[in-house]
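Have a look at the structure below before the remarks.
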Amino acid sequence: MSRRIPIKSGVKVRNKPVFHLQDKQADEKELSIGLIKSAKRTGQLSLCNRGLGTVPDNVWKIDELSLDDTKEVDFTRSDTNNWWNSEPLKTLDLSSNVINTISPDIKYLQALVTLKLHDNALASLPAEIGELQSLANLSLDHNRLQTLPKEFYKLTELRWLSISHNELISIEPDFGDLVMLTFLDLSHNKLQALPPGMGYLVRLVELNLSHNSLEELPPDIVNLRDLKKLNISNNNLVALPPLGELRKMEILDVNHNNIEELPDFYGCTALKEIYMANNYIKKITEEFCDQMQHLNVLNLRDNKVEILPENISLLQKLKRFDISNNNLNKLPKNLGLLSQLQSISMEGNRLSSVRQDVIRGGTDRMMKYLRDRMCEDEEDTRCKEEWPDKYTMRKSNSLLLVSRELTAVPDEVFRAAAAAEVHIVDLSKNKLVAVPPGVWSLSETLSQLVLSWNSIERVPGELADCRHLQFLDVSRNCLDDLPPELGRLKTLRELVISNNRMTKIPRCVYDMENLEILLAAENRITEINVSSDSLARLRRLAVLDLTNNSIATVPPELGNFTHLRSLELMGNCFRQPRHAILAKGTASLLSYLRDRIPTN
């Protein structure tokens, strides 16, 4: 019988138990000479996932440590580790340990830019952390923090801060002092309210407040005008304030709250995705469909919606629509007009008119059913008639005659539009040389008028009779001025006069006291009038676009227009401010101009 020769494994097994809790002495040994040399050479030190219960004392003194004890000079030795080539510690990673306290000696790491303390057992932070004046990135996720020291709010250079999965009950109003923050994650805590100072964090691009106990949002949350992503899901919110000031917001997540009504989204022109599942919303309003024509994703599953509005067909860019588990009993016929839909979910409703096999058959089956139903009528007026009738216009609340090479529009079309109470008229991309007089018949309902891409040379003063007008687009025409009567449009919020022949901003614009957006690019404008009876009167103006004009000088007083959130001046003939200043953005440009206002 042959005897098996034992084979010795080449794998070395560490003699350390899996659940070993290190003592202070073992923790100190984790900071080896090699790690210290590497840290002093690169300015980065990582002690993550080392089983540390405490931080080695030498970590806090690493910038002062000297590893070269010899006094002999060796000219052949590499000088890469000499003190004069060392970098101060800028990145420190102590994550994924069991550290329960941070020494006050952390104040000695004055050059620290990034500090990672997530996945530990911290119950508090030392007051001295507030002395790290260079700290820009801080992660504190998955700890046991209940409060933050008041000195924490002295970290005014923080750009990136994450404190999720802790036990924070409240935060101080001083949180508003962290004005450089662009990313903030406070999710998975126990916050019941937010301080009003949150509105000062105007540079925030992403804010996560999910999984807390918030019952309302502070009114100044709408001051976060650079915000692109807002997550307030899994809270106790019962209502949302008007969100129109958040013009750059792209994603809104409000799933799992107690909200009963859709908020006012007017002005949220960048919003692409809305998630409001598991709330108590009872209806989708017609105003919502008017405001959200650029929406890509709408998730309203598990709500109380009973009916979809007829003008839901305005959501032409909608790609994903989830309305499952609501109280729908019928569908609007023109739902089939949503040509870009890639996913539609309607399970869990009381749709007696739609067979269950169609509902369960997926998006393609449902859309085919909706489109077939639209064509069931013998006349199919939408496809066969040249002009839309009042029933078609009533469904969408709009008169859309785009790209038809029209030179005129019959009055009877506008009479039918008036009967349908149309409030949107789009006559763009035609061959109109004058504004059709039938428009005045819609003066009581018209809120949006688009006349762009025509050959119109004059806008009649009668347009001022449309007293509810909020949006007017006359771009890409042959206009050299606007009539003074248009100054009576007190409800107008957005005016587009780009690509015309104007040599100055029309005088009537300065009387439009509620104007928020003025787009006047690609004209021949020669000056910016900032006097008290001109632009200075438009206190609500947030966006001003004067690119590619003939402006020779920029008045420094324009810097006092701090209500401007977007100021575009590229492509003009002035020499100051230089292109480099313009490229820094609106805030820097306004600051530059203010600094040049004469003091006497």
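Laboratory data are not the source of any read-out in this text; all were calculated from the coordinates shown. Quick caveat, the model's predicted, so the values are computed rather than measured. Methodologically, a virtual Cβ is constructed for each residue, glycine included, from the backbone with ideal geometry; neighbour enumeration extends over all protein chains shown.
Go ahead and estimate [θ] at 222 nm for the chain from helices alone: -39,500 (n - 2.57) per DSSP H run with n ≥ 4, summed, over the residue count, rounded to 500.
Working: 11 runs with 76 residues, N = 600.
That comes out to -3000 deg cm²/dmol.
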So for the chain, taking the charge dipole from beta-carbon charges (+1 Lys/Arg, -1 Asp/Glu), which of Leu567, Pro484, Thr54 sits furthest toward the positive end?
Thr54
Calculated from backbone phi, Karplus (6.51, -1.76, 1.60) coupling profile of the stretch 154-166 in Hz, x at Gly/Pro:
8, 7, 6, 9, 4, 10, 10, 9, 10, 10, 6, 6, 10
Please arrange Met393, Met570 by counting, for each residue, the other beta carbons lying within 10 Å of its beta carbon, fewest first.
Met570, Met393
How big is the gap, in Å, between the Cα center of the stretch 412-471 and the Cα center of the stretch 539-560?
29
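Treat the count of other C-beta atoms within 10 Å as a stand-in for reagent exposure and order Ser32, Ser566, Ser233 from fewest to most. Don't jump to the answer; show the numbers that get you there.
Working: Ser32 10, Ser566 14, Ser233 22.
Taking fewest neighbouring Cβ atoms as first place, the list is Ser32, Ser566, Ser233.
Quick check on packing: order 549-556, 497-504 by the mean number of other C-beta atoms within 10 Å, highest mean leading. Mind dumping the intermediate values first?
Working: 549-556: 17.2, 497-504: 19.2.
Result, highest mean Cβ count within 10 Å first: 497-504, 549-556.
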Would you mind checking which residues have amide H under 5 Å from Met502's amide H? H placed 1.01 Å from N; only 5 or more apart, or other chain.
Arg524
Between the stretch 474-523 and the stretch 329-373, what is the separation of their alpha carbon centroids in Å?
43
For Leu399, what residues show an amide H to amide H distance below 5 Å, using hydrogens built from the backbone and excluding near sequence neighbours?
Ile424, Val425, Asp426
Going by Cα centres, the stretch 23-57 and the stretch 211-272 are how many Å apart?
43
What are the residues whose amide H is under 5 Å from the amide H of Leu122, where those residues sit 5 or more places off or on another chain and H is modelled from the backbone?
Arg144
Tell me, what HN-Hα J-couplings in whole Hz come from the Karplus equation 6.51 cos²θ - 1.76 cosθ + 1.60 at θ = phi - 60° for each residue of the stretch 59-64, using x for Gly and Pro?
4, 6, 9, 4, 6, 9
Of the candidates Leu469, Asn120, Val543, the farthest towards the positive dipole end of the chain (Lys/Arg Cβ +1, Asp/Glu Cβ -1, centred on the Cα centre) is Asn120
What longest region of the chain stays clear of chymotrypsin sites (Phe, Trp or Tyr not before Pro) that DSSP places outside H, G, I, E and B and that have at most 11 other Cβ atoms within 10 Å?
76-600
³J(HN,Hα) computed for each position of the stretch 422-439 - Karplus, 6.51 cos²θ - 1.76 cosθ + 1.60, integer Hz, glycine/proline x:
5, 10, 10, 10, 10, 10, 6, 6, 10, 10, 6, 9, 8, 6, x, x, x, 4
Greater than 20 Å separation of Cα atoms is the criterion. Which listed pairs, Lys40/Lys90; Lys319/Lys429; Lys248/Lys429; Lys90/Lys116; Lys90/Lys150; Lys248/Lys584, meet it?
Lys319/Lys429; Lys248/Lys429; Lys90/Lys150
Have a look at Asn235, Asn137, Gly267 and report the one farthest towards the positive end of the charge dipole of the chain, computed about the Cα centre with Cβ charges (Lys/Arg +1, Asp/Glu -1).
Asn137
